Every structure is written in structure tokens, then in C-alpha cells.
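Reviewing the structure listed below.
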Amino acid sequence: MAPGKMHDGEVETDAALVQRLLAAQFPGWADLPIAPVASSGTDNALYRLGAELVVRLPRIDWATPQIAKERRWLSRLAPHLPLAIPVQLAVGEPGEGFPFQWSIYRWLGGEIVSPEHVADQRQLARDLAGFVAALQAIDTSGGPLAGESSGRGVPLAERDEEVHAALAELGGMLDTEAALAEWRAALRAPVWDAPPVWVHGDLQPGNLLAIDGRLSAVIDFGCLAVGDPACDLLPAWNYFDAATREVYRAALGVDDTTWARGRGWALSVALIALPYYQHTNPVLAEQSRRTLSAVLAGRVR
């Protein structure tokens, strides 16, 4: 893998490329200042465009279908949600040596959610649960099914091969026997047999924004799908502490079997991400380690 890149086949981008793309396709925005945005995201390179816009360039080919999915669905979901979500303003075409479609969004201000930026974690848990509940309540007719447009929201058993491959890579880095036992416990939980619901699929701290200490926006809907709601329990282990985890669960009214699958989602996402990103994305790697610690600290015996 090339230095500084997270994926084999990742496309290189810079502000000069963004300026050329804008000049060729959206000249009305071409004179605005352009600056790269530091992000732990893995699918898109971000560039601030003036004060009100952001350009997203896919890093890798498998990220490009997200553009059409967000174009179709975000404007339909937004009126039903209690928090801000991204607004796609334009879609650019391949050009200037860049091989993929790309997109321009309205910039959403705020700070990445953290204890420093959100003092009342219990309120954060309730606010996020309110967003998730509202999302789940939206009509799913014609929505992108889990497994077809996103791997999030599928039955956990479909992740078994990837989990075992990750465990094989992580020998010596964590208690793989404990992780395997926890994974097997999650697989024993009954599958979701109710109608599928909308899931964001990637509720990790980097995709949550706060203003004045309150959750204000949820971003990056690349994993959006219609499937098992358990995958949107990820914040219970990838961010919240044990006490706040229970606030989140109570606010969503999660039953025992869905909670067990949620643990499995948190475990599997962290296990798969850690060996993949441990040398290229330190923020995501550290988040994966924290998630694994949280899951294994409450092991199912």
C-alpha cells in the first residue's frame, strides 16, 4: 500500500485537483478558497470550499455508489429527523484525471462529539436515541436493502468470515479467545424477524457533531440501509461508558436479543477495522481498541 493511503488502489487528491474540477464543471464556485479537512473518515477526502460548502472526493471505487444513494434519500429523510443531516447540492463527473463522480455539500458546522465538547453525556445519549428512533420510524418503501447497498444491517452471520480473518491477524494484540467467545454468543442471538428499518450504519463519534454542548447533526450516510436496527447500537460501545450505555438502551427501548446483536455489531466492526487501519488511521484504530475493551469488559459468561 502506498504511504499515506488507507486502501490499495486509493486515488490521490489535493486542493489543486479540486480547483481544476470546479473550474471545469462548476465555475461559479471555482474562485472560492479551498482547504483540506482533517478527518478520520475512510471513504472520502474532504475539502472545505469557502465558508458554506464542502467537496467530497471518493478515495476508492467502492465508495462511489454512496453519492447516488445520498442524492436519492437524504432529502427525503431530512424532514422527519430531529437533527441536521448533510444536504447534497451538486454532483460532479469524472475529469481532470480524477476517475469518479464526486459531490458538493452544504458545510455543517460544529465540533466532533467528545467529552470535551459535550459535557452532559446522558443528554447526548437521549438526543442520539431520539434521532435513531425517528430514523427507524420513517417509511422504508423502496429503500436500499442491507446487503445490496451496504453491509450494515445484515444478519451477523454474514460477517463471520471477516471476523475470523481479523481474529487471525490480531493474535497477540488482544485476547482473541475472549473475543471469539463473545462473537459466538452474539451469533446465538435470534436474528431480526420484524420488518426492516432505516439504519444509519456508521454511528461513530466522527460522524456526530455538536454545537454549544448539544448534539446538532449526524453526517456521513454512506452505510445507510434498510435492515436490522441492532447496528445502530454501535455508540453504546464505541463511545458511551457503561452507565451512559444504559441510558441509550433505555431511551431506545431495546430488547435483550437486539442488544446482544448490537454487542456483536460493535465487536465485529472493531475487530475488522483494527488490523485494516492500525497503521494508516490512528484515530479509527484507537477507537477500535476502546470498543473492544468496552465489549470484552462486559463479557457474556
So which pairs qualify, if the first residue must be in the range 103-121 and free of Cβ contacts under 8 Å to residues at least 60 places away in the same chain, the second must be assigned to a loop (DSSP other than H, G, I, E, B) and not acidic (D, E), the Cβ gap must be under 8 Å, and the two must be at least 6 apart or on different chains? Y105/P86; Y105/V87; R106/P86; R106/V87; W107/A51
The range 184-200 - residue that is within 12 Å of I138 (Cβ to Cβ) and among the β-branched types (V, I, T) and, of those, nearest to the chain's Cα centre (by Cα): V199
Taking the options A24, A16, name whichever one is over 24 Å from the mean Cα position of the chain (by Cα), part of a helix (DSSP H, G or I) and in contact (Cβ under 8 Å) with a residue 60 or more places away in the chain. A24
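A quick yes/no check of all residues on (1) closer than 25 Å to S75 by Cα; (2) touching a Gly at 6+ places or on another chain (Cβ under 6 Å):
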residue	(1), (2)
D193	no, no
L208	yes, no
R214	yes, no
L233	yes, yes
A285	no, no
Could we say that P82 is more than 19 Å from G222 (Cα to Cα), under 21 Å from the mean Cα position of the chain (by Cα) and in contact (Cβ under 8 Å) with a residue 24 or more places away in the chain here? yes
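Residue-wise test of (1) part of a helix (DSSP H, G or I); (2) surrounded by 16 or more Cβ atoms within 10 Å (Cβ to Cβ); (3) at pLDDT 95 or above.
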| position | (1), (2), (3) |
| --- | --- |
| I104 | no, yes, yes |
| L108 | no, yes, yes |
| S114 | no, no, no |
| A119 | no, no, no |
| Q123 | yes, no, yes |
| G130 | yes, yes, yes |
| L135 | yes, yes, yes |
| S141 | no, no, yes |
Residue check for E169: touching a Lys or Arg at 6+ places or on another chain (Cβ under 8 Å), among the charged types (D, E, K, R) and in contact (Cβ under 8 Å) with a residue 60 or more places away in the chain: no
Quick one: would you say L22 is in contact with a helix residue (DSSP H, G or I) (Cβ under 9 Å, 6 or more places away or on another chain) and more than 24 Å from I112 (Cα to Cα)? yes
Can you give me the ranges of the helices (runs of 4 or more DSSP H) entirely in the range 158-273 with at least 2 residues that are surrounded by fewer than 17 Cβ atoms within 10 Å (Cβ to Cβ)? 160-169, 176-188, 242-252
Given the conditions (1) part of a helix (DSSP H, G or I); (2) aliphatic (A, V, I, L, M); (3) open to solvent by less than 30 Å² (accessible area, probe 1.4 Å), which single one is not true for V55? (1)
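The values are calculated or read from the model by the stated rules, or taken from the named source; none is laboratory data. The structure displayed is predicted, hence computed values, not measured ones. Virtual Cβ from ideal backbone geometry, glycine too; neighbours counted across all protein chains shown. Calculation scope for accessible area: heavy atoms of the full protein, side chains included, ligands and nucleic acids excluded. Shrake-Rupley method; radii C 1.70, N 1.55, O 1.52, S 1.80 Å.
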